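Enquirer: For reference, the structure I am asking about is given below.
The values are calculated or read from the model by the stated rules, or taken from the named source; none is laboratory data. Since the structure is predicted, the reported quantities are computational estimates derived from the model, not experimental observations. Neighbour counts are summed over all protein chains in view; Cβ atoms, including those assigned to glycine, are modelled from backbone coordinates with ideal geometry. SASA here: full protein model, heavy atoms, side chains in, ligands and nucleic acids out. Shrake-Rupley method; radii C 1.70, N 1.55, O 1.52, S 1.80 Å.
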Amino acid sequence: MGDVHPDLLPLARLIPRVSVTPRTLRAIRWATDRIGVPDLPRLDDVVVEDRWTPASDDGHQVRVRWYRPADADQPIPALLWLHGGGYVMGMPEQDQHLLLSIVRELRVGVAAPDYRLAPEHPHPAPVHDGHAALRWLHAQADGLGVDPSRIAVGGASAGGGLAAAVTLLAHDRADAPVAFQLLVYPMLDDRTVVRTDHDPSDVRVWTPRSNAFAWRSLLGAEPGGPDVDPYAAPARREDLAGLAPAWIGVGTHDLFHDEDVAYARRLADAGVPCQLEVVPGAYHGFDNVSRTAAVVRAFRQSYVDALAAALATC
């Protein structure tokens, strides 16, 4: 298995080479519906509730799961978190363990929108839903007990790509300032689908076939074409100047490695502070496969520390 990180190798051997396709997506969604929303444990220290806000394009009502410290008595920073799932699957509750830990450790609020999924709802529905949730955080800041000058946007995988897209849209519309971007192995560039100059043989979890299906679903067209909207694929954006500082993390065995490293370098070249964390031998979603491995703990601590520093000083 090449040079997979030794902390990850035992579980990496067990990961099947299964791709997301129309057929497997139906099975995944069926299983998710049968299992239902993960149970929320009894909490005394964190308040969790669902709020609703209209989408910025057509008035669709976006559910936003809102987490905050129960004893917060002054305006706190907040994180808008977009879940992963290749834009075709997933829900805010899938990241519940991570989000509760962030609320407790950093004493911040977290808003996790249930954005619409492709292929039923292709671009721009997801980015409009994410942007609507960001605007909601700003508009309701007083009632939520949030400091509107300290709102970050983040996500993992497709959620990381969507976080970058929401940041671009908010910057261009100047309607909901973003203090920091937390991009965990983000899905940024549809052109990765049509690349022929790299060998994905050691890629795990998110395969080239999954990636092609996901991008076709989101774009409603073949990826790699000349006119893809940067709000769908942020790597298509030519001018990155003026965006919020960022943290980007990815493993060397991740299909998104090259596009993520390139985006981090382009941010830096545009004068945007960007911390790049590259984990040797780590594959896509490695931090969800094993939470206890030392390399996973270090990766998570890196982005939690970066988020804490950004929201403490902005």
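Enquirer: Once you compute Rg and the Kirkwood Rh from C-alpha atoms, what is the Rg to Rh ratio for the chain? Before the final figure, lay out the partial values.
Expert: Working: Rg = 18.2 Å, Rh = 19.5 Å.
Rounded to two decimals, Rg over Rh is 0.94.
Enquirer: Roughly how many nanometres apart are two label points built 7 Å out from the Cα toward the Cβ at His97 and Ser290?
Expert: Modelled inter-label distance: 1.4 nm.
Enquirer: With only Lys, Arg, Asp and Glu charged, each at its Cβ (+1 for the first two, -1 for the last two), find how big the charge dipole of the chain is about the Cα centre; round to the nearest 20 debye. Spell out each step's value before the answer.
Expert: Numbers: 29 positive and 40 negative charges, 139 e Å.
Computed about the Cα centre, the dipole is about 660 debye.
Enquirer: Further question on the same structure: Spelling out what I want: for every residue of segment 225-230, take phi, set θ = phi - 60°, compute 6.51 cos²θ - 1.76 cosθ + 1.60 (Karplus), and round to whole Hz; glycine and proline get x.
Expert: These are the phi-based 3J(HN,Hα) values: x, x, 10, 6, 5, x Hz.
Enquirer: Residues with amide H under 5 Å of Ile76's amide H, sequence separation 5 or more or different chain, H placed in the peptide plane at 1.01 Å from N; which?
Expert: Placed amide hydrogens put Val146, Asp147 under 5 Å from Ile76.
Enquirer: If you take every residue apart from Asp227 with its C-beta less than 12 Å away from the C-beta of Asp227, what net charge results, scoring Lys and Arg +1 and Asp and Glu -1?
Expert: Numbers: positive: Arg236; negative: Asp190, Glu222, Asp229.
Every neighbour counted, the sum reads -2.
Enquirer: Right, here's the next one. For the chain, set up a GNM with springs between Cα atoms under 10 Å and report which of Ile28, Ile248, Ile151 has the largest fluctuation.
Expert: Sorting by GNM fluctuation, first place goes to Ile28.
Enquirer: Follow-up. Between Arg23 and Asp73, what is the label-point separation in nm under the 7 Å Cα-to-beta-carbon projection?
Expert: Between Asp73 and Arg23, the label points sit 6.1 nm apart.
Enquirer: Could you please state how large a percent of the accessible area of segment 9-124 is carbon and sulfur, counting protein chains only and using a 1.4 Å probe? Intermediate results must be reported in sequence, preceding the final value.
Expert: Numbers: 3230 of 6080 Å².
Answer for segment 9-124 is 53 percent, counting heavy atoms of protein chains only.
Enquirer: Could you let me know the centre-to-centre spacing of segment 209-238 and segment 174-193, using Cα atoms, in angstrom?
Expert: 14 Å
Enquirer: Mind ordering 132-143, 157-168 by average Cβ neighbours within 10 Å, highest first? Could the numbers behind the result be given before it?
Expert: Working: 132-143: 19.2, 157-168: 28.9.
Packing proxy ranking, top to bottom: 157-168, 132-143.
Enquirer: Could I ask something else about it? Once you have a ≥ b ≥ c as the square roots of the Cα gyration tensor eigenvalues for segment 1-128, tell me rounded if a/c is under 1.5, and otherwise prolate or oblate according to whether a/b is larger than b/c. Spell out each step's value before the answer.
Expert: Numbers: a/c = 2.05, a/b = 1.23, b/c = 1.66.
Oblate, because a/c is 1.5 or more while a/b does not exceed b/c.
Enquirer: What's the long-distance tail for segment 244-314, i.e. % of Cα pairs beyond 17 Å? Intermediate values should be presented prior to the final figure.
Expert: Values: 1134 of 2485 pairs.
More than 17 Å apart: 46 percent of the Cα pairs in segment 244-314.
Enquirer: Can you work out ³J(HN,Hα) from phi for every residue in segment 111-127, in order, using Karplus 6.51 cos²θ - 1.76 cosθ + 1.60 and θ = phi - 60°, giving whole Hz and x for Gly and Pro?
Expert: Working through the residues one at a time gives 10, 10, x, 8, 6, 5, 10, 7, x, 4, 10, x, 3, x, 4, x, 5 Hz.
Enquirer: Ok, one more. Which of these, Thr24, Thr192, Thr53, has the largest mean-square fluctuation under a Gaussian network model of the chain (Cα springs below 10 Å)?
Expert: Thr24
Enquirer: In addition: Along the positive direction of the dipole of segment 201-258 (beta-carbon charges: Lys, Arg +1; Asp, Glu -1; about the Cα centre), which of Ala232, Gly220, Val205 reaches farthest?
Expert: Val205
Enquirer: Over segment 109-260, give the accessible area per residue in Å² for a 1.4 Å probe, as an integer. Intermediate values should be presented prior to the final figure.
Expert: Numbers: 4950 Å² over 152 residues.
Normalised by residue count, the accessible surface of segment 109-260 is 33 Å².
Enquirer: With just the Cα atoms of segment 100-151, tell me how far they stretch along each of the three principal axes, in Å, largest first.
Expert: Over segment 100-151, Cα extents along the principal axes are 36, 25, 15 Å.
Enquirer: Amide H to amide H under 5 Å from Glu277: which residues, 5+ apart in sequence or cross-chain, H placed 1.01 Å off N in plane?
Expert: Here Ile248, Gly249, Val250 satisfy the definition.
Enquirer: Further, regarding this structure: Cβ neighbours within 10 Å, averaged per peptide: list 185-191, 118-124, 93-99 in order, most packed at the top.
Expert: The packing order, highest mean first, is 185-191, 93-99, 118-124.
Enquirer: If you don't mind, there's one more thing I want to ask. Using the Karplus curve 6.51 cos²θ - 1.76 cosθ + 1.60 with θ = phi - 60°, work out ³J(HN,Hα) for each residue of segment 18-25 in order, rounded to whole Hz, and write x for Gly and Pro.
Expert: Result, ordered by residue: 10, 10, 7, 10, x, 6, 5, 4 Hz.
Enquirer: Next question, about the same structure. How large is the dipole of segment 93-142 about the Cα centre if only Lys and Arg carry +1 and Asp and Glu carry -1, each at its Cβ, rounded to the nearest 20 debye?
Expert: Details: 4 positive and 7 negative charges, 32 e Å.
The calculated dipole for segment 93-142 is roughly 160 debye.
Enquirer: OK, next. Just to confirm my numbers, what's the Cα centroid distance between segment 40-59 and segment 245-286 in Å?
Expert: Using only Cα atoms, the two centres lie 30 Å from each other.
Enquirer: What number comes out for accessible area per residue over segment 24-107 if the probe is 1.4 Å? Units Å², please. It would help to have the intermediate numbers written out before the result.
Expert: Details: 4410 Å² over 84 residues.
Roughly 52 Å² per residue, with all protein chains present.
Enquirer: Calculated from DSSP H runs of 4 or more alone, at -39500 (n - 2.57) each and per residue, what is the 222 nm mean residue ellipticity of the chain, nearest 500? Before the final figure, lay out each step's value.
Expert: Details: 10 runs with 113 residues, N = 314.
Helix contribution divided over all residues of the chain: -11000 deg cm²/dmol.
Enquirer: At what distance in nm do the modelled label points of Asp3 and Val194 sit from each other, each positioned 7 Å from its Cα along Cα→Cβ?
Expert: 3.1 nm
Enquirer: Which whole-number percentage describes the relative contact order of the chain, with Cα contacts under 8 Å and a sequence gap of 6 or more? Write out the running numbers ahead of the final one.
Expert: Working: 628 pairs, mean separation 58.1, N = 314.
Normalised by residue count, the contact order of the chain is 18 percent.
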